[in-house]
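What follows is a set of notes on a single structure, which appears directly below.
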Ligand SMILES: [Zn+2]
């Protein structure tokens, strides 16, 4: 069969541009808290909400410690699927991370989880000097000899550049990178000496032919936002109905919760941050769900672990 031009199918999930967050009954500062992990660490959790089984909104929550927590709203998350590869980016310009002013502070969501995990271990000391790159900048960097590549993982938010760190921080970053499937490079001369981290596992996995198109789509989206991006500091979860999950892990893992209503329709999906071996207590706020009976399927490192139930009243 002859097919001339494969048609790129772009699927935009940016419902953030639509009015409000329909699933929040009371969009107050406290009720916006989705998940709380009562252990030391920095956890970046993804929350996808569904209404009668249909996707309605995405959020990302950063739990940095007991007092500093951030919520990245739907309007600051961008997803698109292109020829089977899905790209999801999120704004990460929050108060706990030092980012140079002119940096486009968007990274691939799963890469962001790994970066915050590393940053927590070194006390959030490094400064980010480059993250997402436009195709125009990549071309400029190549012309000036700063980069020898036509396409770079920076174009799709799969790389960051860091400066300001101690030699021991550098060693920790290097060790954790290996564990997380990241490529660690220490390069640039003089004042431009920096660490480049890229999500090698993901980068080697995606088709490279449309990288520039993905980057241009994100940058067009950012222009359309016109500064209406939203990332805000939120309070700890104090009230409301919670679902509590305790677990012990002996290996490095992530937890995924799939919440379904009585008819088996998806209500929410929560993908927690990365856990080191230890004992954990996770509280999930249920304020955004309608009244009813729910099932929670729990997966640890992608493997189904247990099914729990609760009634939302
Ligand atoms: Zn770089």
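Read-outs throughout are calculated quantities, based only on the coordinates presented, and are distinct from any laboratory measurement. Computed from a predicted model, the values in this text were never measured in an experiment. Positions of Cβ are backbone-derived with ideal geometry, glycine not excepted, and every protein chain shown enters the neighbour counts.
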For the chain, longest principal axis from Cα atoms; helix 109-121 axis from its Cα atoms; angle between them, nearest 10 degrees, is 90
Segment residue 174-residue 313, length gained on full extension (0.36 nm per residue, minus Cα span): 45.3 nm
Segment 89-229: spread of alpha-carbon positions along the three principal axes, whole Å, largest first, is 39, 34, 31
Go ahead and run the numbers for FRET between residue 213 and residue 187, Cβ-Cβ distance against an R0 of 41 Å, rounding to 0.05. 0.90
Taking the chain, the whole-percent share of alpha-carbon pairs separated by over 31 angstrom is 32
Quick one: compute the contact order of the chain, relative version, from alpha carbon pairs under 8 angstrom and 6+ residues apart, as a percent. 21
Per DSSP H run of at least 4 residues, take -39500 (n - 2.57); add these up for the chain, divide by its residues and hand me the 222 nm value, nearest 500 deg cm²/dmol. -5500 deg cm²/dmol
I'd like the distance between the alpha-carbon centres of segment 236-313 and segment 42-106, rounded to an integer number of Å. 19
Relative contact order of segment 45-182, please, whole-number percent, based on alpha carbon pairs below 8 angstrom and at least 6 residues apart. 16
To the nearest 10 degrees, the tilt of helix 167-180 (Cα long axis) against the first principal axis of the alpha carbons of the chain is 60
What percent antiparallel are the DSSP beta bridges of segment 89-229, to the nearest 5? 90
Build a GNM of the chain with springs between Cα atoms under 10 Å: which of 47, 60, 206 gets the top mean-square fluctuation? 206
